[in-house]
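Undergrad: To start, I am sharing the structure in question, which I have written as C-alpha cells.
The values are calculated or read from the model by the stated rules, or taken from the named source; none is laboratory data. Not measured: the values here are computed from a predicted model. Quick reminder, even Gly has a Cβ in these numbers, built from the backbone with ideal geometry, and neighbours come from all protein chains shown. Accessible surface is based on the protein model in full, side chains and every heavy atom, while ligands, DNA and RNA are left aside. Shrake-Rupley method; radii C 1.70, N 1.55, O 1.52, S 1.80 Å.
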Amino acid sequence: ELSGALHLFSGPQGYERMLEEAHLDAVLICTTWATHASMAVAAMEHGAHALVEVPLGLTLQELWQVVDTAERTQRHCMMMENCCYGRDELMFLNMVRQGFIGDLLHGEAAYIHDLRERHLNAETDWHLAHLATRNGNLYPTHGLGPVAQYMNIARTDDTFDRIVSFGSPALGRAKFAKENFPADHKWNQMEFKCADMSSSLIKTKAGRTILVQWDETSPRPYDRKNLIQGTEGTLAGYPTRIAGEKISPKPEEDLTHAHAGGAEIDDMGGYHRWFQGRQAEKVMHDKWDHPLYKRLGEAAKRQGGHGGMDYIMLCRMIECLHNGEPMDQNVYEGALWSAVAPLSEKSVNEGGAPQVFPDFTRGDWKKTAPLPIVK
C-alpha cells in the first residue's frame, strides 16, 4: 500500500505529508546536506527513527537540535557512516579491541577522492555552492568515523577536546572549470573559496591526536588513510599494512619481501617486518576478520554497495531496530563527528585558532559502553 502511495509524497515538502500519513517506523534520509538535520528532527517528532546520510547537520545549532530531539522523543538517530562497515575497518576494530597494538596514541583519517568531473558536470550545483562559500573540512566522517570507533571516542575512554585547521590555496576547481567549460559558463563565474586540501588536527581529552584531511579536487589516488597507532603496533590503510610487536609476520611465514608483504633487512642488520600486499592480505583477513564480516561478508559481496559495506550497515540497522538494541553509532557520535566541519571552518577563518568541541553527551560519554564486537 505504501509503495503505491509514494507518488503522493513528491515535491519539496512531500516528506512532511509522508510522515503525517504513512506512520513509519524509520526513515532513511538521503538528501542534500542542508536538509539532513531538519528532516531528521521532523521524522523523530512523528515517532520515526531517523537514519541519516553524512553529515548529520551543518552547524552546531543544527546538531544540538538533532540531539535534543532524539533525547526528548526517545527515537534513534543514526548517522549512516558506511565506512565503519568496510572489511578492513571492521578488522582493525576487532584487532584494537583485542589489544594487539597496545595503548592507542594517534590516528589518521581522510577523504581524498578526485571528484572534479562529477561535481562540475552535475545537473545541480548544491555541492559546489558549499565549495564556493565555505572553507574547512566539509566532509570529514568517512575517514574519521572508523578511527573514532577504534579510540572509543565519546564512549568511556575518551572524547574530542579541540581542533586546529588550515587549508591550502583554492586553485584546482577554477583550473578544471577553465579547461573544460566555456568562459561564460556558470562554473567560470564562480569563485571557489574552499581549499583544495584541508588539514585538521584533533586533540582528545586523553591526549591522543588525530590527523583529518579532505581533498576532492586534486588528481590523487583515492585514500581514507585509516591509520591507528599504538604503543605496540600500527594498523594502516591504502594500502593495508599491519606491523607490531605481537602481530608482524614471523620469519618462517612465506611472504617473500616487504613490498609483497614480508620482511625487509635494514642497513643496521635488523629486521623490520610488516604485513602488506595481496598475499599478506589473505593472511590478515584469515587471522583477524571481524565476526560481523565473517557472518555477512559473502552476502555483502553479492549485494554490493561500496564493496558491500552499505549492505552490512543496512543489515545492522535493521537488526538493532528489530532486537531493541542500541544502534552501532549513536546520535552523539554522529553529532560529534559532523561538528568537525563547522569547527574547522571557524579555525580556518581565525588563522588556525583552536576550537573546542561541544560535549553533546553532557558528560555521559564517561559512562557510555564501548561499541562491542558484534557477533
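Undergrad: Got a sec? Which helices (runs of 4 or more DSSP H) wholly within the stretch 97-207 have at least 1 residues that are under 26 Å from residue 242 (Cβ atoms) and in contact with a Leu (Cβ under 8 Å, 6 or more places away or on another chain)?
TA: Those helices (runs of 4 or more DSSP H) span 141-150.
Undergrad: Any residue that is free of Cβ contacts under 8 Å to residues at least 60 places away in the same chain, small (Gly, Ala, Ser) and surrounded by fewer than 16 Cβ atoms within 10 Å (Cβ to Cβ) - is there at least one of those in the stretch 20-28?
TA: To start, the set of residues in the stretch 20-28 that are free of Cβ contacts under 8 Å to residues at least 60 places away in the same chain comprises 20-24, 27-28.
Subset that is small (Gly, Ala, Ser): 22.
Keeping just the survivors that are surrounded by fewer than 16 Cβ atoms within 10 Å (Cβ to Cβ) gives none.
No, the stretch 20-28 contains no residue that is free of Cβ contacts under 8 Å to residues at least 60 places away in the same chain, small (Gly, Ala, Ser) and surrounded by fewer than 16 Cβ atoms within 10 Å (Cβ to Cβ).
Undergrad: Give the number of residues within the stretch 248-302 that are in a helix (DSSP H, G or I) and either surrounded by 12 or more Cβ atoms within 10 Å (Cβ to Cβ) or modelled with pLDDT of 50 or more (or both).
TA: Initial filter on the stretch 248-302 (in a helix (DSSP H, G or I)): 258-260, 278-288, 291-302.
Now drop any that are not either surrounded by 12 or more Cβ atoms within 10 Å (Cβ to Cβ) or modelled with pLDDT of 50 or more (or both), which leaves 258, 260, 278-288, 291-302.
Qualifying residue count, the stretch 248-302: 25.
Undergrad: Pick from 45, 89, 53: which is of a type outside the set (Val, Ile, Thr), open to solvent by 50 Å² or more (accessible area, probe 1.4 Å) and in contact with a His (Cβ under 9 Å, 6 or more places away or on another chain)?
TA: 53
Undergrad: Restricting to the stretch 45-66, name every residue that is in a helix (DSSP H, G or I) and either more than 22 Å from residue 137 (Cα to Cα) or without any contact (Cβ under 8 Å) to a residue 60 or more places away in the chain (or both).
TA: Filtering the stretch 45-66 down to residues in a helix (DSSP H, G or I) leaves 45, 60-66.
45, 61, 62, 65 - these are the residues of the stretch 45-66 that are in a helix (DSSP H, G or I) and either more than 22 Å from residue 137 (Cα to Cα) or without any contact (Cβ under 8 Å) to a residue 60 or more places away in the chain (or both).
Undergrad: List pairs: first residue in the stretch 361-375 and within 13 Å of residue 150 (Cα to Cα), second residue part of a helix (DSSP H, G or I) anywhere in the structure, Cβ distance under 6 angstrom, at least six positions apart or on different chains.
TA: These pairs meet every condition: 371/149; 373/94; 373/97.
Undergrad: Considering only the stretch 72-86, state which residues are out of contact with any Gly (no Cβ under 9 Å at 6 or more places or on another chain) and either open to solvent by less than 10 Å² (accessible area, probe 1.4 Å) or assigned to a helix (DSSP H, G or I) (or both).
TA: 72
Undergrad: Something else about it: Looking at (1) surrounded by fewer than 15 Cβ atoms within 10 Å (Cβ to Cβ); (2) modelled with pLDDT of 85 or more; (3) at positive phi, find the lone condition where residue 238 falls short.
TA: Residue 238 satisfies every listed condition except (1).
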